[in-house]
Amino acid sequence: MSNERLIKDLIKQGQGEQLEFKTVVHKESIAKDICAFLNADGGRVIVGVSDNQMPVGLENAKQYIDELHKYLIENIIPDAPISISVETLGYKEILVIKVWGGSKQPYIFDGSIFYRKKNKTQKATSKEISILIHDRQLSELHWERQIALGVDFDDLDKKLISKTIKESRKNHRSSFESDDLLAFLTHYGLYVNGSFTNACVVLFAKKPSKFIPQIRVRLTEYAEGKTDESLIRNEILEGNIFSIRDELERYVNGLGVRSVFDKNQWKRLDFTFPKRALQEGIINALIHRDYSSFSSSVTISVYPNKFVISNSGRLPDNIEVKDLKKNHDSHPVNPDIAHIVFLNGLIDKLGRGTIRVIEECKDAGLKVPEWKETVSSVVLTFNGPKGLSEMKERNDAVNDVVSDAVSDAVKQFVSDAVSDAVNDAASDAVISRLIQEVFFLLVEEGKGLKDLMSTFDVARATMQRDMALLKAHQFIVFKGPSKTGVYSLTDKFKEKIEKI
């Protein structure tokens with residue numbers, strides 16, 4: 001499902017306990033709502049939408065992001081991860097400001113504590129403030145906040161802490177101005193009364209397994225099947241969350257092209273797992289795993305046609321597997337760890353990572369990834385490509401349309417022309433789809449974006465990229481109004497075809 005569809009569905013819900021609309025950027029009003037969401041279960045402020053759910057848009061919405069982010073970070077106490085993104089509805093830009101329910105309630109803006117009641121933001125009553133303080137006291141007993149025994153300052157990677165401070169400023173995600181490392185750790189609850197917390201060890205220790213052995217990650221790669229004889233790689237990764245993530249990113253970047261054999265077609269199919277999707281799955285597992293148990297683990301198992309990430313723990317009580325495939329609120333199991341990862345810029349649109357994973361896989365021609373929750377773990381499986389038979393059915397549908405209208409000579413000319421033009425800019429799978437799109441437009445004169453998306457079963461962003469690439473090489477042109485216009489072959493390219 002595209003981002004635009006998700007935002008439209010969200011707006012249809014109307015304003016409520018976790019959603020507020022604004023027609024214009026009014027920093028103080030937005031800050032009150034964000035503060036109220038932080039004091040509850042999180043929420044979104046959508047700017048550029050009227051109270052009656054009509055998108056009015058903002059002119060050059062991107063210009064507001066840095067200033068608004070800086071204002072919210074500096075004026076809401078204590079710091080909280082705040083995500084601001086520009087989204088498009090039709091041809092109108094809107095701002096979406098998103099926060100989790102805060103882990104350090106109560107949150108204060110302009111000297112007051114704000115609370116959300118139905119679709120209204122107001123100052124919290126004394127009773128509501130008492131509840132927030134009580135809940136915070138309970139959260140202090142969370143495993144992340146417990147003291148890690150025997151940890152000294154020299155056990156921490158000071159360069160990594162300093163880098164995090166710099167990254168948080170670069171990303172405009174923190175109001176912390178000092179370069180003092182201990183002050184930074186204290187500010188974010190990682191250094192308490194002269195002791196370092198478990199979360200601090202997970203994030204910044206040089207050798208965290210010395211204190212928290214369950215932090216290790218197992219990486220296993222198989223050639224064929226799951227037997228000891230087929231092992232290509234079997235190792236235990238050690239280090240803090242950032243060093244493990246970096247090592248896994250290098251591994252993912254080196255996976256390269258993989259091949260599977262489709263017995264139905266007796267053909268070998270080459271494909272690549274989308275790197276960004278794998279990286280998103282990995283960082284989510286590292287953030288959300290249950291670190292509290294000595295038997296907890298993250299295991300990554302790689303097969304010729306599957307990439308499986310399993311982490312100990314359960315989904316939050318208010319999230320089901322089916323929710324991961326749509327826009328959902330994110331409630332991290334380890335909010336302190338998640339916040340520091342957020343400051344480093346490694347997670348962005350909160351609650352949207354799973355949707356991005358799905359879209360990346362679909363764009364790569366792979367099956368939709370599968371999430372499964374067991375008694376003690378959450379398992380994410382990236383599958384190989386859609387069966388050749390499925391791909392063949394789609395291509396056959398297009399071929400049926402063009403077979404009687406296009407000669408073999410024209411087919412060869414179009415295939416060669418598109419391949420030569422975009423060879424350095426696209427993968428084999430994308431080139432094959434681009435050729436099919438040109439064939440389709442050759443016969444079906446003038447097609448809109450939705451028709452093309454439906455025919456080729458790809459997301460809006462993917463088809464927009466395809467059309468932009470074909471336009472750049474003067475194969476197609478867009479005609480008509482921005483919303484209802486259609487794509488057609490250029491007169492110049494049609495003239496070349498007619499000469500064949």
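Structure notes:
- Phi angles of the stretch 145-155 translate, via the Karplus equation with coefficients 6.51, -1.76, 1.60 and θ = phi - 60°, into HN-Hα couplings of 8, 6, 6, 8, 5, x, 8, 9, 4, 5, 6 Hz per residue; Gly and Pro are given as x.
- Site-free segments of the chain were taken between trypsin sites (Lys or Arg not before Pro) in DSSP loops having at most 12 other Cβ atoms within 10 Å, sites themselves excluded; the longest one is 264-482.
- Dipole moment magnitude, nearest 20 debye, the stretch 405-472 about Cα centre, only Lys, Arg, Asp, Glu C-beta charged: 300
- P(r) weight above 24 Å for the stretch 14-169, C-alpha pairs, percent: 43
- Put the Cα centre of the stretch 474-497 next to the Cα centre of the stretch 144-158 and the gap is 62 Å.
- Rounded to the nearest 10 degrees, the inclination of helix 126-139 to the longest alpha-carbon principal axis of the chain is 80 degrees.
- When Asp336, Asp416, Asp451 are sorted by how many other C-beta atoms sit within 10 angstrom of their C-beta, beginning with the fewest, the order is Asp416, Asp451, Asp336.
- Of the GluC sites (Glu not before Pro) found in the stretch 403-467, the ones in coil according to DSSP and having at most 16 other Cβ atoms within 10 Å of their Cβ are Glu445.
- Long-range amide H partners of Ser103 with built H, under 5 Å: none
- Amide H to amide H distances under 5 Å link Ser377 with Gly313, where only residues 5 or more positions off or on other chains count and H is placed in the peptide plane.
- At R0 = 35 Å, FRET efficiency that the Cβ-Cβ distance of Ser112 and Ala472 yields, to 0.05: 0.10
- Mean residue ellipticity (222 nm) of the chain, computed from DSSP H runs ≥ 4 via -39,500 (n - 2.57), nearest 500: -12000 deg cm²/dmol
- With respect to the chain, whose longest principal axis is taken over its alpha-carbon atoms, helix 27-38 is tilted by about 80°.
- Expressed as a fraction of 2.2 N^0.38 Å, the C-alpha radius of gyration for the stretch 77-219 is 1.28.
- Close amide H partners of Leu19, meaning residues 5 or more places away or on another chain with modelled amide H under 5 Å apart, are Arg44.
- Charge context of Ala40, other residues only, Cβ under 9 angstrom, K/R +1, D/E -1: -1
- Rg/Rh, computed from the Cα trace of the chain with Rh as the Kirkwood radius, has the value 1.01.
- In the chain, the sites counted are chymotrypsin sites (Phe, Trp or Tyr not before Pro) in DSSP loop states with at most 16 other Cβ atoms within 10 Å, and the longest stretch holding none of them, exclusive of the sites, is 295-500.
- Here's the list of lysines a cross-link from Lys104 could span, going by alpha-carbon distance under 19 Å and ignoring same-chain residues fewer than 8 apart: Lys32, Lys123, Lys127.
- Overall, the ratio between the Cα radius of gyration of the stretch 1-97 and 2.2 N^0.38 Å, rounded to two decimals, is 1.01.
- Residues Lys411 and Lys8, FRET efficiency given R0 of 56 Å [Cβ-Cβ distance, rounded to 0.05]: 0.90
Values in this text are rule-based calculations from the coordinates and carry no lab data. Just so it is clear, the structure is predicted and the values come from calculations on it, not from any experiment. Positions of Cβ are generated from backbone atoms using ideal geometry, with glycine treated the same way; all protein chains shown enter the neighbour counts.
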